[in-house]
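Peer 1: The structure's right below; bear with me while I get my questions together.
The values are calculated or read from the model by the stated rules, or taken from the named source; none is laboratory data. Note that the coordinates shown come from a computational prediction; the quantities given were computed from them, not determined experimentally. Here the Cβ positions follow ideal geometry from the backbone for every residue, glycine too, while neighbour counts run over all protein chains shown.
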Ligand SMILES: [Fe+2]
């Protein structure tokens, strides 16, 4: 993969149903939208027209939740064909999904589950990512997920696993800063060390989101404002990776579009502040 093949999109927000009408009527000043691919896997009708209209005014990226790239089930070629059709129709800047599994033996567990961090799993997942990339004829982004358990058979750290999969598959990385923060608390590792260890040339997008604090563990609920500690980690990531396109992810208790846009603007301001503070030490643009 080549970092320069990806557009420097700026600061976007997740496209959510409750905002469709406002976006279509007002065309608010937002750099780009991230679309949940599965929400638009329909045979036609108004929903696809809505996306066509939004796409004619904004860049979009397609973010999936059903690839189940880590499963031992065969790849779902029916799903991949639908995804390829959407890619042809809407020409997203890129396509992403999660480094996880969501089901096995044909059963969908509707959750993004972590993998064992082993060399065997690296080879398994990387070979599947390569197949998907060949089928879609493009480099895909894989995202680190939040997790609440670990496999005792793991031999690599989470960041070593993510890096090894990306290198082996020659794919890109969507780095979710909130998920790193959540997992660092839940599993007791150093979030900064994680960010400092991921291959910089592969990081093409950031996610920023809120989470819930349950005392003994954090839950990646995406239903709160972004915590100050996650903003601080974001600034550290900008210092290492540069002006990486950043997405505000909000999935529950979704606020007004103005709040999402203001949060995207806060990411922009913090990113620029890092550049003013650290200048040429920061990585160049995508
Ligand atoms: Fe995310």
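Peer 1: Quickly run through the stretch 168-201 and pick out the residues that are away from the ligand (no atom under 15 Å from the Cβ) and out of contact with any helix residue (DSSP H, G or I) (no Cβ under 8 Å at 6 or more places or on another chain).
Peer 2: 185, 186, 188 - these are the residues of the stretch 168-201 that are away from the ligand (no atom under 15 Å from the Cβ) and out of contact with any helix residue (DSSP H, G or I) (no Cβ under 8 Å at 6 or more places or on another chain).
Peer 1: Of the residues that sit in the stretch 206-222 and are within 21 Å of residue 253 (Cα to Cα) and within 13 Å of the ligand (Cβ to nearest atom), which one is surrounded by the fewest Cβ atoms within 10 Å (Cβ to Cβ)?
Peer 2: 221
Peer 1: For the stretch 153-160, does any single residue satisfy the condition of being part of a helix (DSSP H, G or I), within 16 Å of the ligand (Cβ to nearest atom) and either modelled with pLDDT under 95 or out of contact with any helix residue (DSSP H, G or I) (no Cβ under 6 Å at 6 or more places or on another chain) (or both)?
Peer 2: Yes; the residues of the stretch 153-160 include at least one that is part of a helix (DSSP H, G or I), within 16 Å of the ligand (Cβ to nearest atom) and either modelled with pLDDT under 95 or out of contact with any helix residue (DSSP H, G or I) (no Cβ under 6 Å at 6 or more places or on another chain) (or both).
Peer 1: Being touching a residue at least 40 places away in the same chain (Cβ under 8 Å), over 30 Å from residue 21 (Cα atoms) and surrounded by 15 or more Cβ atoms within 10 Å (Cβ to Cβ) is the requirement here; does residue 236 meet it? Give the steps one after another, and end with the answer.
Peer 2: Working: touching a residue at least 40 places away in the same chain (Cβ under 8 Å): yes; over 30 Å from residue 21 (Cα atoms): yes; surrounded by 15 or more Cβ atoms within 10 Å (Cβ to Cβ): yes.
Considered against the rule, which asks whether it is touching a residue at least 40 places away in the same chain (Cβ under 8 Å), over 30 Å from residue 21 (Cα atoms) and surrounded by 15 or more Cβ atoms within 10 Å (Cβ to Cβ), residue 236 comes out as yes.
Peer 1: Let me ask something additional. Touching a helix residue (DSSP H, G or I) at 6+ places or on another chain (Cβ under 8 Å), more than 16 Å from the ligand (Cβ to nearest atom), at negative phi and in a helix (DSSP H, G or I): does that describe residue 230?
Peer 2: In short, no.
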